[in-house]
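The values are calculated or read from the model by the stated rules, or taken from the named source; none is laboratory data. Everything numeric here is computed off the predicted structure, so don't read it as measured data. Because the Cβ atoms are built from the backbone with ideal geometry, glycine has one as well, and the counts that use them run over all protein chains shown. Each accessible area value is taken on the protein alone, full model and side chains, heavy atoms only, with ligands, DNA and RNA left out. Shrake-Rupley method; radii C 1.70, N 1.55, O 1.52, S 1.80 Å.
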Amino acid sequence: MPESFLRLLRTREAGLLGLNLLLLAAIAPFFPAFLRPGSLAGLLDDTALLILLALGEMLVLLTRGVDLSIAANLAFTGMVVALLDQYHPGLGLAPVLILSVLMGAALGAVNGLLVWRLRIPSIVVTLGTLSIYRGAVYLASGGRWVNSNQMSPQFLAFVRLQLGGVSMLSWIAIACAVLVALFLRRSVRGRDLYAAGNNPSAALYAGIDVGVMQFSAFLIAGAIAGLCGYLWVSRYAVAYTDVASGFELQVIAACVIGGVSISGGVGSVAGVVLGALFLGIIKNALPLVGVSPFFQMAVSGVVITGAVLINARGTQASALRILERRPA
Amino acid sequence: MSDVSLSARSKARVTRRPWHALVRWETLLVLAILVDFAINAHASPYFLDPWTLSDVTVSVAEKAVVALAMAFLVMAGEIDISVGGIIALASVSMGLVARAGLPLPLVVASGIATGLLAGCVNGALVTIGRVPSIVATIGTMTLFRGIAYAVLGDGVLKTYPPGFAWLGQGSVAGPVSFELVLFVALAAVAIVLRHATAFGRRVVATGSNPEASRMSGIATDRLRFALFVAVGTAAGLASVLLTSRLGSTRPSIAQGWELEIITMVILGGVAIEGGIGTIPGVVLAAILMGLVTFGLGLLNVPGIVMSVVTGTMLIVVVAVPAALRRYGGGRQ
C-alpha cells in the first residue's frame, strides 16, 4: 500500500468515517431496512440542514470565533421569507432564495462588523444578536404561525424535488460542502482563513487582515444560515418564533465531533460532514431501536459529551509537560 | 477569544487618565439603573409600591445567585453553558425525593447535592478530560436536561412538603423576600471572596495568565474544578428557589437561562476572556436586568420582545466603550 494511503487511514476523518460505518453496521443486522437506499437518502435529507449550518459555523470557529446566533438568524430569515411567500405567492421562488441568502448575510455581517471593527469577543456579540434576532421573529410575525396551507406550492416543492433519488435539500448540502471545501483548500482567501485562526500575530505579519477574515467568516456563516432559514421552513412546512431554538449548540457539537478546534485554525469539511452525519445517524436510529423519545436527548448528551472527551484525548500532547503548549 | 482584543484591553488600561474613574463600568451601571427606575416609575403608577419592587427582586434573584458564581468562573477564563440543564436536573431530583415522602431538609439537600455533583462532572471534564469548557458544557447541557426528560417524560412533579413554598414565595419581613435576603447575603460573601481574599486574586490571575499562574504556584486545575462545583451548587440552589416558587417541576424548567445568566455576568463588566471583573458590577447588572425586564412586563411587553431589549442592552453596553476606546481614545 502506498505511504500516502496509510497516512490517510490515520487521520481523524478516517476514524470518524470508520465510526459512522461501525454504527451503520451495528444497526444493519437488526434493521436491514435502515440501509436501503431510500432510507439512507432520507437520513441525508434529515441531516442536510445540520451539515449546512455546521459548514458555516466551521468557518467562524476556524478564525477563533463562535457564532451562537445562526439558529436565530435561520428563524428570522425563515419567517420573513415565509411571510413574503404568504402575501405575494405569485412572486415565484427566485426572490425567496435571493432574499434568504442576502438577509442571512446581512445579519451575519452585523456580527462580523462588531467583531471586526469593535473587537468585541464573538461569543458576547452573538449572544446579544441571538436574543435580538429571536425576538425579531416575534416582532415580524406578531407571534403568528405560518402554516403549510398558507405557503405557495412552489415554496414547498423546491426542497422536495427528487434528483437521482436524492432530495434537492441534500443536493444543496452536497454542493455547499464542495464549494466550502474548494474555497478552503484552493483559494488564497481560504488559506488565509486558516492562517488567521491558527496564529493571528503571524498572520498579521504575513499581510493577512485578521479582522477581515473574521468578518468574511461571519458573513458566509450568516448567508448559509439565511438560506437554511428558507430550507428549514419549507422542509418542515411551518414557520413560528421558536423554529430551531437551541439548534446552534447541536451545530457546534457537530463541528467539534468533526474535529474542528474551538481555539481556531484546525478543521476540515470532510470532518464536519462526518460529524454531522454521526449525530444524524444516532438521531435516526434511536427511535428504530425502540428508545423512547424522552430518552433521546439524554442519549445524545452522552454521545456528544463522550465524543468531545475522546476528541480532547486525541489532540492532547504528552502528559509529562511542564508548560502548556499554546493551542495550535 | 482572540489575542488582538486582549492587547487592546490592556493598552486601554495603561492609558487610563484620572477622569476615567468617573466613567467606570459600575458608575455607568448605576446611572442606567437610575434612568430605568425613573422610566418605570413614570410609565406605571404601580411601580413604586414596595410590594411591586419586592416582585422585581424575586424574579431576578434566582438567576443572580447563579450569576455570582458564574462571574468567578468567567473571571478564571472558563464558562458553563449547562446551568439551565443543572437547574432542571436538580428540580427533578427534588421532585422525586419529595414524592417519596421525605422531609423538607432532605428535599432541599437533594437539589443542592445534584447541582454539586453536576458541577463535579463539568469540572472533571475540563480539568481531567482537558475539554475546552464551552464544548464540555454544551455536551453536559444536553446530558443534564436529557436525563431530566428521560426521568420525567411529559409528566409533572408537584407534591412538595408543606413549608417548601416559603423558600421561593415567603418573605422575611414585610416586602423583603427570603430570596432577596439570600441573594444579598451571597453577594456579600462573593464581594469579600473576590476583593479581599487571596482566593479572589488567584481566580483573576488564573484568568489573565493561566501559565504564569501555574508557574507561580497556583493549583489552577484544582481552582477551576472548585469553581465549576461552585457554579453547579449555585445552580442547585437556584433550582430550589425556582421550584419552590413555581411549586412544580417540568423537564423544560429554566430553559435558556444559561444565556440570560451569562448576559448578566458580561453586562456586569466581567471580560469573557477572563482576568477582569468585579462582583459589585455583576450585582448592579442583575438589578438593571431585573428592573428592565420587570418594567417591560408592567407595560405588557411579551417576554420574547424583552429578549430584544436585553440583547441590545448587552451589545450596546459592550460596544459603546469599545467604540470610544477605538475611535475616540486618541492614537492607538
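At a glance:
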| item | result |
| --- | --- |
| Accessible area per residue, Å², region B:71-210 with all protein chains present, probe 1.4 Å | 37 |
| Rh by Kirkwood over Cα pairs, then Stokes-Einstein D for region A:78-222 at 0.692 mPa s and 37 °C, µm²/s | 185 |
| Convex hull volume of region B:3-327 per residue (C-alpha atoms, cubic angstrom) | 146 |
| Peptide A:195-204 - average C-beta neighbours from other chains (10 Å radius) | 1 |
| Protection proxy ranking, peptides B:275-285, A:207-217, B:192-202, average beta carbon neighbours within 10 Å, highest first | B:275-285, A:207-217, B:192-202 |
| Additional length obtainable on full extension of the chain from residue A:156 to residue A:94, 0.36 nm per residue less Cα span | 21.0 nm |
| Percent of Cα-Cα distances greater than 18 Å, calculated over region A:1-107 | 70 |
| Full-extension gain in nm, residue A:187 to residue A:7, via 0.36 nm per residue minus C-alpha separation | 62.4 nm |
| Compactness of the protein assembly as shown - radius of gyration and Dmax, Cα, Å | 24.8, 82 |
| Ordering of A:123-131, B:79-87 by packing [mean C-beta count within 10 Å, highest first] | B:79-87, A:123-131 |
| Global form of region B:65-115, assessed from the alpha-carbon gyration tensor, a/c cut-off 1.5 | prolate |
| For chain B, size of Cβ-based charge dipole, Lys and Arg +1, Asp and Glu -1, in debye | 940 |
| Among B:215, B:75, B:94, residue whose mean-square fluctuation peaks in a GNM of chain B (springs only between Cα atoms under 10 Å) | B:215 |
| Average partner coverage of A:302-311, which counts Cβ from other chains inside 10 Å | 6 |
| Options A:42, A:175, A:293, ranked by Cα towards positive dipole end of the protein assembly as shown, top entry (Cβ charges) | A:175 |
| R0 of 25 Å, Cβ-Cβ distance residue A:113-residue A:178: FRET efficiency to nearest 0.05 | 0.30 |
| Interface residues, region A:228-260 - accessible area loss of 50 Å² or more versus chain alone, probe 1.4 Å | A:249 |
| FRET efficiency for residue A:30 and residue A:145, using Cβ-Cβ distance with R0 set to 51 Å, rounded to 0.05 | 0.85 |
| At least 27 Å along the helix axis (C-alpha) and Kyte average at least -0.5, DSSP helices within chain A | A:37-62, A:93-117, A:122-141, A:210-236, A:269-289, A:293-315 |
| With DNA, RNA and ligands ignored, accessible area of residue B:55 (1.4 Å probe; Å², nearest 10) | 80 |
| Surface per residue (accessible, 1.4 Å probe) for region A:3-315, Å² | 40 |
| Choice from A:155, A:34, A:278 with maximal GNM fluctuation in chain A (Cα, 10 Å cutoff) | A:34 |
| Region A:3-315 - convex hull of the alpha-carbon atoms, volume per residue in Å³ | 149 |
| The protein assembly as shown, accessible surface, carbon-and-sulfur percent (1.4 angstrom probe) | 68 |
| List B:326, B:224, ordered by accessible area with a 1.4 Å probe, largest first | B:326, B:224 |
| Peptide A:290-296 - average C-beta neighbours from other chains (10 Å radius) | 4 |
| Total accessible surface hidden between B and A, rounded to 100 Å², 1.4 Å probe | 4600 |
| Which of A:24, B:31 is most accessible, then next, and so on - probe 1.4 Å | B:31, A:24 |
